[in-house]
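Just below is one structure, and these are the notes that go with it.
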Amino acid sequence: MSRLPANALRFKRALLKWYRAHARDLPWRTTRDPYRVAVSEFMLQQTQVARVLEFYPRFLRRFPTIDALARSGPKAVREAWEGLGYYRRAANLHQLARTVVREHGGAIPDDPATLETLPGVGRYTAGAIAAFAYERRAPAVDTNVARVLGRAFVPRGRGIEGSRDRRAKGSRDRAVWELAGCLLPHSRRTAWEFNQALMDLGARICVARKPRCAECPVRAACRTGASK
Ligand code: SF4
């Protein structure tokens with residue numbers, strides 16, 4: 001997708017306006033510390049925001065820096081993660097800290113391709129750390145964002161969501177990542193807001209089962225919402 005869809009500008013303006021008035025107040029949004037952003041992203045893989053809000057400060061009190069985490073033993077890391085579940089994430093985060101200290105001088109990289117080489121970091125998490133910690137113009141497409149973009153920009157019947165065919169899914173994934181990259185505003189700060197705004201819209205309005213189109217701020221620019 002080399003050109004922006006016709007409804008893109010309208011969608012972006014409406015989304016940013018809504019986000020600036022209604023953004024969720026989340027502790028990992030008030031920092032650009034890459035370690036703190038990485039901790040939040042690992043916790044948010046497979047866990048709801050409300051639950052992460054309980055555990056995030058506790059973990060950071062126990063391991064305030066990437067060096068502190070890298071120096072600790074697996075038992076202490078697991079204890080600090082206790083209650084969040086999916087302990088594989090804690091083990092990966094621990095390994096990431098050790099790798100960053102050993103191979104990157106303690107500085108989490110800012111480039112998505114390098115980030116993807118770290119333990120537990122897939123394409124989404126790499127994009128999210130680059131975008132949210134370093135304000136890089138990097139797309140970060142999770143399930144919520146893919147759903148919003150699919151509904152807003154792909155005509156019904158050719159949905160980014162839908163087919164279970166593996167090849168179709170692969171080309172759908174490529175299309176949604178490309179679209180997410182094309183939509184990013186040029187200013188790094190605004191790109192940061194835009195990525196956060198897509199996540200908020202997917203989590204609060206354009207939800208999986210019953211999208212709340214009647215109260216959606218981008219409805220007039222959405223190919224699904226406008227046709228309802
Ligand atoms: S109008 Fe409906 S389908 Fe479109 S983005 Fe908003 S909630 Fe989602």
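No value in this document is a laboratory result; all are computed from the given coordinates. This structure is a prediction, so every number in the text was calculated from the model and none was measured. As a convention, Cβ positions derive from the backbone with ideal geometry for all residues, glycine included, and neighbour counts pool all protein chains shown.
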Just subtract the alpha-carbon distance of R51 and D67 from 0.36 nm times their residue separation and send over the number in nm, one decimal.
3.2 nm
With unit charges on the beta carbons (Lys and Arg positive, Asp and Glu negative) and the dipole taken about the Cα centre of the chain, which residue among V37, T190, A80 sits farthest to the positive side?
T190
With a 10 Å Cβ neighbour count serving as the proxy for reagent exposure, in which order, fewest first, do E193, E103 appear?
E103, E193
Extended-chain gain in nm, criterion 0.36 nm per residue less alpha-carbon gap, R102 and E116
3.4 nm
Under 16 Å between alpha carbons, and skipping anything fewer than 8 positions from K210 in its own chain: which lysines qualify?
K228
Residue-averaged 222 nm ellipticity for the chain, from DSSP H runs of 4+ at -39500 (n - 2.57), nearest 500:
-18000 deg cm²/dmol
If you fit an axis through the alpha-carbon atoms of helix 8-22 and take the longest principal axis of the Cα set of the chain, what angle between them do you get, 0 to 90°, nearest 10?
50
Stretch K17-V207 to full length: gain in nm at 0.36 nm per residue minus the Cα-Cα span?
66.5 nm
With Kirkwood's inverse mean 1/r over C-alpha pairs for Rh, give me the Rg to Rh ratio of region 1-132, two decimals please.
1.03
May I ask for log10 I(q)/I(0) of region 97-228 at q = 0.11 Å⁻¹, from a Debye sum over the Cα atoms as equal point scatterers with solvent left out?
-0.44
Among S40, S227, rank each residue by its count of other Cβ atoms within 10 Å, from fewest to most, as a rough exposure measure.
S227, S40
Exposure proxy check on K210, K228: fewest-to-most Cβ neighbours within 10 Å is K210, K228
Can you work out ³J(HN,Hα) from phi for every residue in region 87-93, in order, using Karplus 6.51 cos²θ - 1.76 cosθ + 1.60 and θ = phi - 60°, giving whole Hz and x for Gly and Pro?
5, 3, 5, 5, 5, 5, 5
How high is the relative contact order of region 1-140, in percent, with contacts defined as C-alpha pairs under 8 Å that are six or more residues apart?
22
